[in-house]
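The values are calculated or read from the model by the stated rules, or taken from the named source; none is laboratory data. Model, not experiment: these values are computed from the prediction. Here Cβ is always computed from backbone atoms with ideal geometry, including for glycine, and neighbour counts include all displayed protein chains. For the accessible areas, the whole protein counts, side chains as well, though only heavy atoms, and no ligand, DNA or RNA atoms are used. Shrake-Rupley method; radii C 1.70, N 1.55, O 1.52, S 1.80 Å.
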Amino acid sequence: MAVERTLSIIKPDATAKPGATGEILARFEQAGLKILAMKRIQLSETLAQGFYAVHKERPFYGELVKFMTSGPVVVSVLEGENAILAHRDLLGPTNSSEAPAGTIRGDFGTDIERNATHGSDAPETAKVEISYFFNASEILAPVEALT
Ligand code: CMP
């Protein structure tokens with residue numbers, strides 16, 4: 001098992017739900033993922049377009065950008081053993097309408113677009129996505145708890 005870092009985005013549909021941001025972050029921490037960096041921001045159209053550039057030829061791209069700029073998002077860097085897969089397991093399937101209860105997308109999302117969260121899908125994309133939102137100086141290594 002390897003210690004990995006991944007990028008998480010809590011999307012506008014979830015940040016709009018009272019209590020959801022805190023509960024989602026608590027689920028990450030309860031699963032052993034450490035939050036090394038975090039910010040709540042409003043994405044500009046340009047920032048959202050750039051982040052999802054890989055999807056720019058897809059029919060849903062325009063709507064996706066519109067949705068992602070419709071309200072604040074919470075972006076964070078998570079670290080842990082197999083963090084990329086561990087995080088995606090917590091999120092559940094991309095389509096919230098198919099995501100089981102108990103998964104974050106099942107509990108907080110609505111459909112394939114309004115799916116509450118994003119998680120990096122591989123080490124290379126995680127690296128690119130983390131540096132899209134955070135400078136190295138904003139990412140703080142975990143500190144052991146004081147006893
Ligand atoms: P995310 O994990 O953020 O990565 C790309 C996003 O595109 C995905 O979650 C969905 O929100 C969105 N998406 C993927 N497929 C579709 C689709 N068929 N229709 C609308 N949105 C989609």
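The set of residues from the range 4-41 being in a loop (DSSP other than H, G, I, E, B), surrounded by 12 or more Cβ atoms within 10 Å (Cβ to Cβ) and of a type outside the set (Lys, Arg) comprises ALA16, ALA31, GLY32, LEU33. Pull up the range 57-69, narrow it to residues that are more than 14 Å from ILE9 (Cα to Cα) and part of a loop (DSSP other than H, G, I, E, B), then point me to the one that is most open to solvent (accessible area, probe 1.4 Å). Here the answer is GLU57.
Residues considered: SER96, SER76, SER120. Of these, the only one that is within 19 Å of ALA2 (Cα to Cα), crowded, with 19+ Cβ neighbours inside 10 Å, of a type in the set (Ser, Thr, Tyr) and touching a residue at least 12 places away in the same chain (Cβ under 8 Å) is SER120. Any residue at all in the range 133-144 that's in contact with a strand residue (DSSP E or B) (Cβ under 8 Å, 6 or more places away or on another chain), among the polar types (S, T, N, Q) and either more than 9 Å from the ligand (Cβ to nearest atom) or within 18 Å of ALA2 (Cβ to Cβ) (or both)? No, the conditions are met nowhere in the range 133-144. Count of the range 48-69 residues, restricted to those that are out of contact with any Asp or Glu (no Cβ under 8 Å at 6 or more places or on another chain) and of a type outside the set (D, E, K, R), is 11.
Just the residues that are more than 16 Å from the chain's Cα centre (by Cα) and more than 13 Å from the ligand (Cβ to nearest atom), please, taken from the range 51-84. Passing the criteria: only GLU81. Among the conditions (1) closer than 23 Å to VAL143 by Cα; (2) open to solvent by 60 Å² or more (accessible area, probe 1.4 Å); (3) of a type in the set (Val, Ile, Thr), the only one that VAL54 does not satisfy is (1). Could we say that ARG27 is touching a residue at least 12 places away in the same chain (Cβ under 8 Å), basic (Lys, Arg) and under 17 Å from GLU4 (Cβ atoms) here? No: the conditions fail for ARG27.
In a loop (DSSP other than H, G, I, E, B), open to solvent by less than 60 Å² (accessible area, probe 1.4 Å) and at positive phi - does that describe any residue in the range 104-116? Scanning the range 104-116, I find at least one residue that is in a loop (DSSP other than H, G, I, E, B), open to solvent by less than 60 Å² (accessible area, probe 1.4 Å) and at positive phi, so the answer is yes.
The conditions of being of a type in the set (Val, Ile, Thr), under 18 Å from LEU7 (Cα atoms) and surrounded by 15 or more Cβ atoms within 10 Å (Cβ to Cβ) are met by ILE84. Does ARG88 satisfy the condition of being within 13 Å of the ligand (Cβ to nearest atom), basic (Lys, Arg) and either touching a helix residue (DSSP H, G or I) at 6+ places or on another chain (Cβ under 8 Å) or not in a helix (DSSP H, G or I) (or both)? Taking the combined requirement at face value, the residue does not satisfy it. If you check GLY22, GLY102, which single one turns out to be away from the ligand (no atom under 14 Å from the Cβ), closer than 30 Å to GLU144 by Cβ and either small (Gly, Ala, Ser) or over 14 Å from the mean Cα position of the chain (by Cα) (or both)? Answer to the check: GLY22.
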